[in-house]
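Here the structure is laid out as C-alpha coordinates; the discussion comes afterwards.
The values are calculated or read from the model by the stated rules, or taken from the named source; none is laboratory data. None of these values were measured; they are calculated from a predicted model. No Cβ is skipped: glycine too gets one built from the backbone with ideal geometry, and neighbour counts run over all protein chains shown. Ligands, DNA and RNA are excluded from the accessible area calculation, which covers all protein heavy atoms including side chains. Shrake-Rupley method; radii C 1.70, N 1.55, O 1.52, S 1.80 Å.
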Amino acid sequence: MKRPRLSAAVTSRQWIKQFSPADQGAAIDLVDALLLMNEEDVSSEIRKQLQRLAQTRYGARKKIGLYAEREFAEKLIFKSKLTKDSDNRERRRAYGNTGPKAVNPIRGKTRVGSERPAAFHISQGVEKFRSIFLNNPGPDRIRRNKVSMITIVTDFIGSGSRVISMIDKFLNVPSVQAWRSKKWIEFSVVAAASTISGIKNIEEHKSKPEIFVSHIAPSISTYHNLELAERWKDLICRYGPRSGRESSSLGYKDGGALIAFSYRFPNNAPLIFHESTPKWQPLFTGGISPDMAPAFGIKTENSRAVDALNLDVMNLPSDIIGSDARMIVILKAIRGRWRKGQEVALAEKSGLSVPEILDSYSDGKERGFLTEEGRLTDRAHQFMRSSLKLKRSARTLPINEKPYYPQALRVPTEV
(Lines give C-alpha, C1' and ligand atoms only; values in the text may rest on other atoms or scores of the structure.)
Protein backbone atom coordinates (compact mmCIF):
# COMPACT_ATOMS: atom_id res chain seq x y z
CA MET A 1 0.00 0.00 0.00
CA LYS A 2 1.30 3.43 -0.93
CA ARG A 3 1.71 5.95 1.84
CA PRO A 4 0.15 9.39 1.26
CA ARG A 5 2.32 12.22 0.01
CA LEU A 6 3.51 14.78 2.52
CA SER A 7 2.01 17.52 0.35
CA ALA A 8 -1.48 16.28 1.31
CA ALA A 9 -0.81 17.56 4.83
CA VAL A 10 1.22 20.58 3.76
CA THR A 11 -1.41 22.24 1.54
CA SER A 12 -3.56 23.09 4.55
CA ARG A 13 -0.66 24.48 6.58
CA GLN A 14 0.50 28.03 7.12
CA TRP A 15 3.84 27.04 5.55
CA ILE A 16 2.46 26.77 2.02
CA LYS A 17 0.36 29.92 2.43
CA GLN A 18 3.56 31.95 2.86
CA PHE A 19 4.33 31.46 -0.84
CA SER A 20 2.67 33.49 -3.55
CA PRO A 21 -0.03 31.59 -5.51
CA ALA A 22 2.34 31.46 -8.50
CA ASP A 23 5.01 29.73 -6.40
CA GLN A 24 2.88 27.31 -4.42
CA GLY A 25 2.97 24.64 -7.12
CA ALA A 26 6.78 24.61 -7.13
CA ALA A 27 6.81 24.52 -3.33
CA ILE A 28 4.55 21.44 -3.36
CA ASP A 29 6.83 19.76 -5.91
CA LEU A 30 9.78 20.52 -3.62
CA VAL A 31 8.04 18.87 -0.66
CA ASP A 32 7.18 15.82 -2.77
CA ALA A 33 10.85 15.44 -3.73
CA LEU A 34 11.87 14.92 -0.08
CA LEU A 35 13.13 11.50 0.98
CA LEU A 36 11.05 10.77 4.10
CA MET A 37 12.37 8.48 6.83
CA ASN A 38 10.86 7.75 10.22
CA GLU A 39 12.70 6.32 13.23
CA GLU A 40 11.89 2.72 12.31
CA ASP A 41 13.19 3.29 8.74
CA VAL A 42 16.46 4.63 10.14
CA SER A 43 16.79 1.82 12.68
CA SER A 44 16.07 -0.85 10.08
CA GLU A 45 18.61 0.49 7.58
CA ILE A 46 21.38 0.96 10.15
CA ARG A 47 20.78 -2.60 11.41
CA LYS A 48 21.06 -3.89 7.83
CA GLN A 49 24.32 -2.02 7.26
CA LEU A 50 25.82 -3.18 10.57
CA GLN A 51 24.95 -6.75 9.61
CA ARG A 52 26.50 -6.23 6.19
CA LEU A 53 29.64 -4.87 7.88
CA ALA A 54 29.77 -7.78 10.34
CA GLN A 55 29.59 -10.27 7.49
CA THR A 56 32.81 -8.88 6.00
CA ARG A 57 34.86 -9.60 9.15
CA TYR A 58 36.68 -12.85 9.88
CA GLY A 59 39.97 -14.12 11.27
CA ALA A 60 41.91 -13.13 14.38
CA ARG A 61 41.50 -9.36 13.90
CA LYS A 62 37.78 -9.23 13.16
CA LYS A 63 36.75 -6.90 16.00
CA ILE A 64 35.22 -3.51 15.19
CA GLY A 65 34.89 -0.47 17.45
CA LEU A 66 31.62 1.45 16.93
CA TYR A 67 31.40 5.19 17.67
CA ALA A 68 28.44 7.57 17.31
CA GLU A 69 29.06 10.52 15.01
CA ARG A 70 29.06 13.79 16.94
CA GLU A 71 30.86 17.10 17.31
CA PHE A 72 34.09 17.14 19.34
CA ALA A 73 35.54 20.31 20.84
CA GLU A 74 38.76 18.40 21.61
CA LYS A 75 41.54 17.97 19.04
CA LEU A 76 42.06 14.29 19.89
CA ILE A 77 39.52 11.52 20.43
CA PHE A 78 41.67 9.69 23.00
CA LYS A 79 43.85 11.06 25.78
CA SER A 80 47.56 10.23 25.74
CA LYS A 81 50.40 10.24 28.26
CA LEU A 82 54.17 9.79 28.11
CA THR A 83 55.09 6.15 28.62
CA LYS A 84 58.45 4.37 28.40
CA ASP A 85 58.65 1.74 25.68
CA SER A 86 60.79 -1.44 25.59
CA ASP A 87 63.85 0.66 24.64
CA ASN A 88 63.29 2.88 27.69
CA ARG A 89 62.33 5.80 25.45
CA GLU A 90 59.36 7.97 26.36
CA ARG A 91 56.57 8.02 23.80
CA ARG A 92 53.02 9.32 23.83
CA ARG A 93 50.62 6.43 24.31
CA ALA A 94 46.81 6.58 24.29
CA TYR A 95 45.13 5.07 27.32
CA GLY A 96 41.71 4.26 28.79
CA ASN A 97 39.15 1.45 28.54
CA THR A 98 36.31 3.57 27.22
CA GLY A 99 36.18 6.13 24.45
CA PRO A 100 34.46 9.53 24.56
CA LYS A 101 30.79 9.80 25.53
CA ALA A 102 28.48 9.01 22.65
CA VAL A 103 26.15 11.92 23.53
CA ASN A 104 27.85 15.04 24.84
CA PRO A 105 26.83 18.43 23.38
CA ILE A 106 29.78 20.81 23.13
CA ARG A 107 29.86 23.82 25.43
CA GLY A 108 27.46 26.57 24.44
CA LYS A 109 25.19 24.26 22.41
CA THR A 110 22.15 22.33 23.57
CA ARG A 111 21.11 20.69 20.29
CA VAL A 112 21.59 16.91 20.12
CA GLY A 113 21.49 15.59 16.55
CA SER A 114 22.16 12.15 15.15
CA GLU A 115 24.32 10.99 18.08
CA ARG A 116 21.42 9.91 20.30
CA PRO A 117 19.77 7.50 17.83
CA ALA A 118 23.24 6.40 16.64
CA ALA A 119 24.20 5.49 20.21
CA PHE A 120 21.04 3.40 20.51
CA HIS A 121 21.71 1.56 17.24
CA ILE A 122 25.28 0.86 18.34
CA SER A 123 24.09 -0.78 21.55
CA GLN A 124 21.65 -2.92 19.54
CA GLY A 125 24.39 -3.93 17.09
CA VAL A 126 26.70 -4.96 19.91
CA GLU A 127 23.91 -7.09 21.44
CA LYS A 128 23.46 -8.97 18.17
CA PHE A 129 27.13 -9.32 17.16
CA ARG A 130 28.96 -9.64 20.47
CA SER A 131 31.88 -11.47 18.88
CA ILE A 132 32.55 -8.61 16.44
CA PHE A 133 31.34 -5.23 17.70
CA LEU A 134 32.58 -3.22 20.68
CA ASN A 135 30.68 -0.20 21.96
CA ASN A 136 32.88 2.90 22.10
CA PRO A 137 36.11 1.12 23.11
CA GLY A 138 39.06 3.06 24.52
CA PRO A 139 42.69 2.46 23.44
CA ASP A 140 43.34 -0.27 26.04
CA ARG A 141 40.29 -2.28 24.93
CA ILE A 142 41.30 -1.80 21.29
CA ARG A 143 44.71 -3.35 22.06
CA ARG A 144 43.34 -6.23 24.16
CA ASN A 145 40.65 -7.18 21.64
CA LYS A 146 42.82 -6.64 18.55
CA VAL A 147 40.30 -4.23 17.03
CA SER A 148 41.04 -3.83 13.33
CA MET A 149 38.42 -1.28 12.30
CA ILE A 150 37.03 1.97 13.70
CA THR A 151 33.46 2.59 12.48
CA ILE A 152 31.49 5.83 12.78
CA VAL A 153 27.70 5.34 12.92
CA THR A 154 25.18 8.04 11.95
CA ASP A 155 21.69 8.40 10.56
CA PHE A 156 22.71 10.78 7.74
CA ILE A 157 25.81 11.89 5.88
CA GLY A 158 25.24 15.41 4.54
CA SER A 159 28.47 17.10 3.50
CA GLY A 160 30.58 14.48 5.30
CA SER A 161 32.40 17.24 7.23
CA ARG A 162 31.62 15.93 10.69
CA VAL A 163 32.62 12.35 9.81
CA ILE A 164 35.89 13.59 8.31
CA SER A 165 36.53 15.75 11.39
CA MET A 166 36.05 12.71 13.63
CA ILE A 167 38.42 10.58 11.55
CA ASP A 168 41.03 13.36 11.67
CA LYS A 169 40.73 13.53 15.45
CA PHE A 170 41.28 9.78 15.67
CA LEU A 171 44.35 10.14 13.44
CA ASN A 172 45.70 12.98 15.59
CA VAL A 173 46.25 10.41 18.36
CA PRO A 174 49.87 9.10 18.13
CA SER A 175 48.82 5.52 18.96
CA VAL A 176 46.18 5.49 16.20
CA GLN A 177 48.76 6.87 13.76
CA ALA A 178 51.07 3.99 14.66
CA TRP A 179 48.30 1.39 14.29
CA ARG A 180 47.37 2.74 10.88
CA SER A 181 50.99 2.91 9.65
CA LYS A 182 51.35 -0.78 10.58
CA LYS A 183 48.04 -1.50 8.79
CA TRP A 184 46.50 -2.82 11.98
CA ILE A 185 43.44 -0.60 11.74
CA GLU A 186 41.05 0.76 9.09
CA PHE A 187 38.11 3.17 9.09
CA SER A 188 34.52 2.80 7.93
CA VAL A 189 31.22 4.68 8.13
CA VAL A 190 27.70 3.28 8.56
CA ALA A 191 24.65 5.43 7.72
CA ALA A 192 20.97 5.03 6.94
CA ALA A 193 21.14 7.73 4.24
CA SER A 194 23.62 10.03 2.52
CA THR A 195 23.98 12.57 -0.25
CA ILE A 196 26.19 11.80 -3.23
CA SER A 197 28.53 14.68 -2.35
CA GLY A 198 28.86 13.40 1.23
CA ILE A 199 29.96 9.98 0.03
CA LYS A 200 32.43 11.52 -2.42
CA ASN A 201 33.99 13.78 0.21
CA ILE A 202 34.51 10.91 2.65
CA GLU A 203 35.87 8.57 -0.01
CA GLU A 204 38.48 11.20 -0.93
CA HIS A 205 39.84 11.35 2.64
CA LYS A 206 43.38 10.05 3.08
CA SER A 207 42.19 7.22 5.36
CA LYS A 208 40.04 5.84 2.49
CA PRO A 209 37.17 4.70 4.73
CA GLU A 210 34.70 2.10 3.51
CA ILE A 211 31.11 3.40 3.42
CA PHE A 212 28.03 1.31 4.23
CA VAL A 213 24.87 3.27 3.37
CA SER A 214 21.29 2.38 2.37
CA HIS A 215 19.48 5.37 0.85
CA ILE A 216 20.82 8.21 -1.28
CA ALA A 217 19.01 11.47 -0.59
CA PRO A 218 18.40 13.77 -3.56
CA SER A 219 19.85 17.26 -3.40
CA ILE A 220 19.36 20.48 -5.35
CA SER A 221 22.83 20.35 -6.94
CA THR A 222 22.56 16.75 -8.18
CA TYR A 223 18.82 16.47 -8.91
CA HIS A 224 18.12 14.64 -12.17
CA ASN A 225 15.60 17.26 -13.40
CA LEU A 226 17.75 20.37 -13.91
CA GLU A 227 14.81 22.64 -14.73
CA LEU A 228 13.03 21.75 -11.48
CA ALA A 229 16.25 22.07 -9.49
CA GLU A 230 16.79 25.63 -10.76
CA ARG A 231 13.18 26.53 -9.98
CA TRP A 232 13.56 25.21 -6.43
CA LYS A 233 16.86 27.00 -5.91
CA ASP A 234 15.24 30.28 -6.92
CA LEU A 235 12.34 29.58 -4.55
CA ILE A 236 14.62 28.78 -1.62
CA CYS A 237 16.67 31.93 -2.14
CA ARG A 238 13.60 34.19 -2.32
CA TYR A 239 11.67 32.83 0.65
CA GLY A 240 12.44 32.03 4.26
CA PRO A 241 15.55 32.62 6.40
CA ARG A 242 18.90 33.60 4.92
CA SER A 243 20.93 31.93 7.66
CA GLY A 244 20.55 29.58 10.60
CA ARG A 245 22.31 26.62 12.26
CA GLU A 246 25.58 27.85 10.70
CA SER A 247 23.99 27.43 7.27
CA SER A 248 22.95 29.42 4.21
CA SER A 249 19.48 29.36 2.60
CA LEU A 250 20.30 26.07 0.85
CA GLY A 251 21.58 24.47 4.03
CA TYR A 252 25.02 23.77 5.46
CA LYS A 253 27.70 24.29 2.77
CA ASP A 254 24.86 24.93 0.27
CA GLY A 255 24.02 21.23 0.50
CA GLY A 256 20.36 21.54 -0.50
CA ALA A 257 19.70 18.02 0.79
CA LEU A 258 16.11 16.94 0.15
CA ILE A 259 15.55 14.68 3.13
CA ALA A 260 13.39 14.81 6.26
CA PHE A 261 13.45 12.53 9.27
CA SER A 262 10.31 12.27 11.38
CA TYR A 263 12.35 13.53 14.34
CA ARG A 264 14.36 16.33 12.67
CA PHE A 265 15.57 18.04 9.50
CA PRO A 266 19.36 17.86 9.05
CA ASN A 267 21.17 21.21 8.77
CA ASN A 268 22.08 20.33 5.16
CA ALA A 269 18.41 20.74 4.17
CA PRO A 270 17.10 24.11 2.90
CA LEU A 271 16.28 26.49 5.75
CA ILE A 272 12.72 27.16 4.53
CA PHE A 273 11.83 23.71 5.90
CA HIS A 274 13.16 23.91 9.44
CA GLU A 275 14.23 27.43 10.49
CA SER A 276 11.95 30.19 11.72
CA THR A 277 12.14 33.98 11.77
CA PRO A 278 9.61 36.58 12.93
CA LYS A 279 8.30 36.53 9.35
CA TRP A 280 8.72 32.85 8.45
CA GLN A 281 7.11 29.69 9.83
CA PRO A 282 9.01 26.44 9.09
CA LEU A 283 7.40 23.23 7.89
CA PHE A 284 8.39 21.66 11.21
CA THR A 285 11.11 21.83 13.85
CA GLY A 286 12.00 18.89 16.03
CA GLY A 287 9.49 16.07 15.48
CA ILE A 288 6.62 15.98 12.99
CA SER A 289 3.01 16.75 13.92
CA PRO A 290 0.38 13.94 13.93
CA ASP A 291 -1.14 15.01 10.60
CA MET A 292 2.23 14.44 8.89
CA ALA A 293 2.83 11.01 10.42
CA PRO A 294 1.08 8.95 7.68
CA ALA A 295 3.46 10.30 5.02
CA PHE A 296 6.42 9.07 7.09
CA GLY A 297 5.00 5.55 7.44
CA ILE A 298 7.22 2.61 6.54
CA LYS A 299 7.35 2.05 2.79
CA THR A 300 7.74 -1.56 1.69
CA GLU A 301 10.43 -2.71 -0.73
CA ASN A 302 7.66 -3.71 -3.16
CA SER A 303 6.03 -0.25 -3.17
CA ARG A 304 9.43 1.49 -3.50
CA ALA A 305 10.23 -0.64 -6.53
CA VAL A 306 6.91 0.03 -8.27
CA ASP A 307 7.18 3.77 -7.45
CA ALA A 308 10.68 3.83 -8.94
CA LEU A 309 9.41 2.28 -12.15
CA ASN A 310 6.50 4.71 -12.31
CA LEU A 311 8.95 7.62 -12.54
CA ASP A 312 8.83 6.79 -16.25
CA VAL A 313 5.52 6.91 -18.10
CA MET A 314 4.70 3.23 -18.42
CA ASN A 315 1.67 0.98 -18.62
CA LEU A 316 2.52 -1.47 -15.86
CA PRO A 317 0.82 -4.83 -15.43
CA SER A 318 -1.34 -4.66 -12.32
CA ASP A 319 0.20 -7.85 -10.92
CA ILE A 320 3.88 -6.84 -11.27
CA ILE A 321 5.87 -7.68 -8.14
CA GLY A 322 8.56 -5.59 -6.51
CA SER A 323 11.50 -7.80 -7.46
CA ASP A 324 10.58 -7.65 -11.16
CA ALA A 325 9.90 -3.91 -11.02
CA ARG A 326 13.26 -3.38 -9.31
CA MET A 327 14.99 -5.53 -11.96
CA ILE A 328 13.48 -3.44 -14.76
CA VAL A 329 14.70 -0.22 -13.08
CA ILE A 330 18.25 -1.65 -13.00
CA LEU A 331 18.21 -2.94 -16.57
CA LYS A 332 16.77 0.29 -17.98
CA ALA A 333 19.49 2.31 -16.23
CA ILE A 334 22.34 0.46 -17.93
CA ARG A 335 23.81 2.24 -20.93
CA GLY A 336 26.44 0.05 -22.56
CA ARG A 337 27.47 -1.71 -19.37
CA TRP A 338 27.19 -1.37 -15.61
CA ARG A 339 29.74 1.01 -14.11
CA LYS A 340 31.17 0.69 -10.62
CA GLY A 341 29.47 3.20 -8.32
CA GLN A 342 26.42 3.54 -10.58
CA GLU A 343 24.25 2.22 -7.76
CA VAL A 344 24.71 5.47 -5.82
CA ALA A 345 23.40 7.76 -8.58
CA LEU A 346 20.60 5.31 -9.38
CA ALA A 347 19.55 5.16 -5.72
CA GLU A 348 19.25 8.95 -5.60
CA LYS A 349 17.13 9.07 -8.75
CA SER A 350 14.91 6.03 -8.15
CA GLY A 351 14.38 6.05 -4.38
CA LEU A 352 15.56 2.44 -4.14
CA SER A 353 18.18 1.65 -1.53
CA VAL A 354 21.78 0.86 -2.46
CA PRO A 355 21.55 -2.73 -1.10
CA GLU A 356 18.34 -3.33 -3.10
CA ILE A 357 20.05 -2.19 -6.29
CA LEU A 358 23.17 -4.29 -5.67
CA ASP A 359 21.03 -7.34 -4.82
CA SER A 360 19.05 -6.91 -8.05
CA TYR A 361 22.29 -6.50 -10.03
CA SER A 362 23.60 -9.82 -8.61
CA ASP A 363 20.22 -11.44 -9.27
CA GLY A 364 20.34 -10.16 -12.87
CA LYS A 365 23.60 -12.01 -13.43
CA GLU A 366 22.18 -15.22 -11.96
CA ARG A 367 19.08 -14.98 -14.19
CA GLY A 368 21.18 -14.45 -17.30
CA PHE A 369 20.12 -10.84 -17.84
CA LEU A 370 23.66 -9.49 -17.47
CA THR A 371 27.06 -10.70 -18.60
CA GLU A 372 30.02 -10.81 -16.20
CA GLU A 373 31.06 -7.40 -17.61
CA GLY A 374 27.64 -5.96 -16.76
CA ARG A 375 26.20 -5.78 -20.28
CA LEU A 376 22.56 -6.53 -21.11
CA THR A 377 21.85 -9.87 -22.78
CA ASP A 378 19.12 -10.67 -25.33
CA ARG A 379 17.28 -12.36 -22.49
CA ALA A 380 17.23 -9.06 -20.58
CA HIS A 381 15.70 -7.19 -23.52
CA GLN A 382 13.08 -9.91 -23.92
CA PHE A 383 12.26 -9.72 -20.20
CA MET A 384 11.76 -5.95 -20.34
CA ARG A 385 9.61 -6.15 -23.49
CA SER A 386 7.33 -8.79 -21.99
CA SER A 387 7.08 -7.05 -18.60
CA LEU A 388 6.33 -3.60 -19.99
CA LYS A 389 4.23 -4.73 -22.95
CA LEU A 390 1.47 -2.22 -23.58
CA LYS A 391 -1.97 -3.68 -23.23
CA ARG A 392 -3.78 -3.36 -26.55
CA SER A 393 -7.17 -1.82 -26.07
CA ALA A 394 -9.83 -3.94 -27.70
CA ARG A 395 -11.82 -2.19 -30.42
CA THR A 396 -15.27 -1.37 -29.11
CA LEU A 397 -18.39 -0.99 -31.23
CA PRO A 398 -20.98 1.68 -30.47
CA ILE A 399 -23.98 0.28 -28.63
CA ASN A 400 -27.49 1.66 -28.83
CA GLU A 401 -28.68 1.99 -25.26
CA LYS A 402 -32.31 1.58 -26.44
CA PRO A 403 -32.18 -1.14 -29.10
CA TYR A 404 -35.18 -1.79 -31.37
CA TYR A 405 -36.72 -5.24 -31.19
CA PRO A 406 -39.41 -5.95 -33.89
CA GLN A 407 -42.67 -7.32 -32.52
CA ALA A 408 -43.44 -9.32 -35.66
CA LEU A 409 -41.63 -10.50 -38.75
CA ARG A 410 -42.93 -9.80 -42.23
CA VAL A 411 -43.59 -12.71 -44.47
CA PRO A 412 -41.00 -12.59 -47.23
CA THR A 413 -42.51 -11.61 -50.58
CA GLU A 414 -42.36 -14.35 -53.21
CA VAL A 415 -40.63 -13.50 -56.40
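Restricting the first member to segment 273-295 and to residues that are open to solvent by 60 Å² or more (accessible area, probe 1.4 Å), and the second to residues that are in a helix (DSSP H, G or I) and of a type in the set (Gly, Ala, Ser), the beta-carbon pairs closer than 7 Å and six or more apart or on different chains are Asp291/Ala9. If the condition is being over 27 Å from the mean Cα position of the chain (by Cα), outside any helix (DSSP H, G or I) and surrounded by 15 or more Cβ atoms within 10 Å (Cβ to Cβ), then segment 14-34 contributes Gln18, Phe19.
Criterion first (within 26 Å of Ile199 (Cα to Cα), touching a strand residue (DSSP E or B) at 6+ places or on another chain (Cβ under 6 Å) and modelled with pLDDT of 95 or more) does Ile152 satisfy it? So Ile152 passes the test.
Please verify whether segment 239-252 includes one or more residues that are of a type in the set (Ser, Thr, Tyr) and under 21 Å from Ile357 (Cβ atoms). Lay out the reasoning, then the answer.
The initial filter retains those residues of segment 239-252 that are of a type in the set (Ser, Thr, Tyr), namely 239, 243, 247-249, 252.
This time we only want the ones that are under 21 Å from Ile357 (Cβ atoms), so: none.
Scanning segment 239-252, I find no residue that is of a type in the set (Ser, Thr, Tyr) and under 21 Å from Ile357 (Cβ atoms), so the answer is no.
In this structure, does Leu50 turn out to be touching a residue at least 24 places away in the same chain (Cβ under 8 Å) and under 24 Å from the mean Cα position of the chain (by Cα)? Please lay out each step first, then the result.
Details: touching a residue at least 24 places away in the same chain (Cβ under 8 Å): yes; under 24 Å from the mean Cα position of the chain (by Cα): yes.
Taking the combined requirement at face value, the residue satisfies it.
Could you tell me which residue of segment 85-140 is nearest to Gly287 (Cα to Cα), considering only residues that are of a type in the set (Lys, Arg), within 32 Å of the chain's Cα centre (by Cα) and at pLDDT 85 or above?
First, pick out the residues of segment 85-140 that are of a type in the set (Lys, Arg): 89, 91-93, 101, 107, 109, 111, 116, 128, 130.
Then keep just the ones that are within 32 Å of the chain's Cα centre (by Cα); that gives 101, 107, 109, 111, 116, 128, 130.
After this cut, where a residue has to be at pLDDT 85 or above as well, the list is 128, 130.
On the way: Lys128: 29, Arg130: 33 Å.
Checking each candidate, the answer is Lys128.
Return a yes/no flag: does segment 172-187 have any residue that is out of contact with any Leu (no Cβ under 7 Å at 6 or more places or on another chain) and under 30 Å from Leu346 (Cβ atoms). Yes, segment 172-187 contains at least one residue that is out of contact with any Leu (no Cβ under 7 Å at 6 or more places or on another chain) and under 30 Å from Leu346 (Cβ atoms).
Tell me, which residue of segment 344-370 that is of a type in the set (D, E, K, R) and buried (at least 22 other Cβ atoms within 10 Å of the Cβ) is farthest from the chain's Cα centre (by Cα)? Restricting to residues being of a type in the set (D, E, K, R) and buried (at least 22 other Cβ atoms within 10 Å of the Cβ), the top hit is Glu356.
So is Ile272 closer than 19 Å to Glu348 by Cα and at pLDDT 95 or above or not? Give the derivation first.
Working: closer than 19 Å to Glu348 by Cα: no; at pLDDT 95 or above: yes.
When the stated conditions are applied, Ile272 does not pass them.
On inspection, Glu45 does not qualify as of a type outside the set (Lys, Arg), in contact with a helix residue (DSSP H, G or I) (Cβ under 9 Å, 6 or more places away or on another chain) and at pLDDT below 90. Looking across Thr83, Thr56, one residue alone is open to solvent by less than 70 Å² (accessible area, probe 1.4 Å), polar (S, T, N, Q) and in a loop (DSSP other than H, G, I, E, B). It is Thr56.
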